[in-house]
Structures are given as structure tokens and as C-alpha cells.
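The values are calculated or read from the model by the stated rules, or taken from the named source; none is laboratory data. Just so we're clear, the structure is a prediction, and the values are computed from it rather than from any experiment. Every residue, glycine among them, receives a Cβ derived from its backbone with ideal geometry; neighbour counts consider all protein chains shown. SASA here: full protein model, heavy atoms, side chains in, ligands and nucleic acids out. Shrake-Rupley method; radii C 1.70, N 1.55, O 1.52, S 1.80 Å.
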Amino acid sequence: MNNTNLYLPHEVKVVERIQESPTVFTLRVQFTDFQLQKEFVFQPGQFNMLYLYGVGEVAISIVSDPENSQLYDHTIRAIGRVTRGLEQLQRGDYLGIRGPFGRGWPLALAQNKDVVIITGGLGCAPVVSVINYIALRRDQYGKLIILQGLKHSDDFIFRHRYGEWQKMFDTEVFIAADVSVPGWPWYTGHITDMTRQLSLNENNTIVMMCGPEIMMKVAIKELLAKNIPEENIFLSMERNMECGVGHCGHCQYGGLFVCKDGPIFQYPEIKALLMEPGF
């Protein structure tokens, strides 16, 4: 977006609202300014600041394909004041958007390599765009392995998407729930249990992770035990991001800012900070 004022939100219109689960929904939006719509470009993994007029802003990942220049999706869990307000929006309502901000996933580096995507909880949302990106360019990437962990099987969102991904060429999908209901067709237990079972090409694999830090730390231990190089592991970090440009300091992470230096980090950049109290 050709935005000379990074703090100025631009108006978008909700063109579709999708209820993903009882507390998770997707807003499909479009800029009301045709020129802005044409200029808006992003990388999978970047985020926008969504501004609900009169209420406030919140950082939300963009889950669309970057080559779809017509519509942009944001998947949101209603857990706070702003997100509960966004939850009330319907088709035809308006909100503001600033962005895109941050660094995206290393899709160029991952070309011609196997890609392992490990997520937990709503960490699946920031990687939807990556999976869709690879799905549309399947010949440019090696094997795709998708692992999604849940606290409870009732929290499973994007069910239809995982079903479609499971059908893709050279793609494996693993779902695990710590607690499951009778009839749950996937694994009951931690997703990191399944990480241990993976057979990986240590010299040709890129790993992308998003979710609870304890999950990522356990998964990293398993990956390193399989000789996956540290520099081939990328993490999407979550912190309270308020300005999006490294000005307010709310997302400071040691000497880094999650909003502008992340939210995607190469593991060696942050391994000293991961799970450390105060960071």
C-alpha cells in the first residue's frame, strides 16, 4: 500500500463474514478506495492493524493468498474488547486497516525443499496463507507436512481446509487434540508426540511454526534431534503489538521488536529469549 502515513487507517468494507467456530470468525474485506485496493501487496505471515471505529485496534494476520488482489481475509478469535467488537460486524459494515506490517514466511528460501508446518491453537491462522500459497504452486515445493495441535477437539477450525489439504499431492496432515470427544478421528495427545514420528530429510527441510511457545520449544527439541539445522526453523511470535512499526515498544523482545523485526523469526535470532521470563 502506498501509505505515506503509517498511522493512518484506510477504510475497508466487510464483503463476507464466515463463522469458523463458536469463537472464531473470518472477515473478508475490500478497500473502498479502488487505487488502494490495486496497490495493496503483502507476504504470507505479515499482519494488518484492524481498527474498529470508536473502540480500538488489534493486530491480525492476513490469511489470503497474496496474489488475490480483490479480497483480504483476517481470521479472528473473539477474546478481547476490540475482537469482540469486530465479531459484531456483518457484511456491509466498515472498519479501518493499517498495514501490512512485519516480515513474512521464508517462501523463497523454501522453494524446492520439503516444508513442515507446525501450529497450535489459533496459530493455524497465520499459516493458512502459506499453505494456500504452496498449494497453488505445488510444483515449486517438495513434500508438505502439516501438523495442527488443539487443546480440545471441539476447537478444531478450518476443518474443510484440512480435508482439502489432505487430498493434495505429496502432502501429509496430522491433527492432535489434548482432549477429544468420542468419535474424534485424529490423534488424542500432544502434537509434539507426532513430531517425534516424522521422517524428515535433514538437508532439505524448512520448518514453519506458530502457536504456544512451550509447544514450539518442545517441537524444536525434537527437530534438532532429527538434525534439522537451527537456521531452517522459523517461528511466528505473538506479543502485544500496538503501533506496528517499532515505535511504541509494547512488543519489544530483547533488542528486537516483534512487529517490525518479526513476527517471523529465524530460530537462532530468538533462541536465547524463547520462554525466558520477562521476554
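Some points to look at:
- Residue-span extension gain [Asp139 to Leu224] - 0.36 nm each, minus C-alpha spacing: 27.9 nm
- A straight chain from Asn204 to Asn240 at 0.36 nm per residue would run longer than the Cα-Cα distance by 9.6 nm.
- Computed over protein heavy atoms with a 1.4 Å probe, the accessible surface of the chain works out to 45 Å² per residue.
- Paramagnetic label zone (point 7 Å from Cα along Cα-to-C-beta, Ser21; backbone N under 16 Å) in the range 119-149: 119-128, 147-149
- Rough spin-label spacing in nm, given labels placed 7 Å along Cα→Cβ, for Glu231 and Val181: 4.7
- Tilt relative to the chain, helix 125-135 - C-alpha long axis, 0 to 90 degrees, to 10: 70
- Atom-type composition of the exposed protein surface of the chain places 50 percent of the accessible area on carbon and sulfur (1.4 angstrom probe).
- Choice from Gln148, Gln90, Gln43 showing the highest fluctuation, given a GNM over the chain with Cα pairs closer than 10 Å: Gln90
- For the range 117-248, the square roots a ≥ b ≥ c of the C-alpha gyration tensor eigenvalues yield an a/c under 1.5, which makes the shape rounded.
- Ile214 versus Arg196: modelled label distance in nm, points set 7 Å from Cα along the beta carbon direction: 1.7
- Cut-off of 10 Å, at most 14 other beta carbons, DSSP loop: longest stretch of the chain lacking such GluC sites (Glu not before Pro): 68-201
- Degrees between helix 213-225 axis and first principal axis of the chain (Cα, 0 to 90, nearest 10): 40
- Of Gly183, Gly254, Gly56, the residue with the greatest mean-square motion in the GNM of the chain, using alpha carbon springs below 10 Å, is Gly183.
- Segment Glu39-Lys271, length gained on full extension (0.36 nm per residue, minus Cα span): 79.9 nm
- Contact order normalised by residue count of the chain, Cα under 8 Å, 6+ apart, percent: 17
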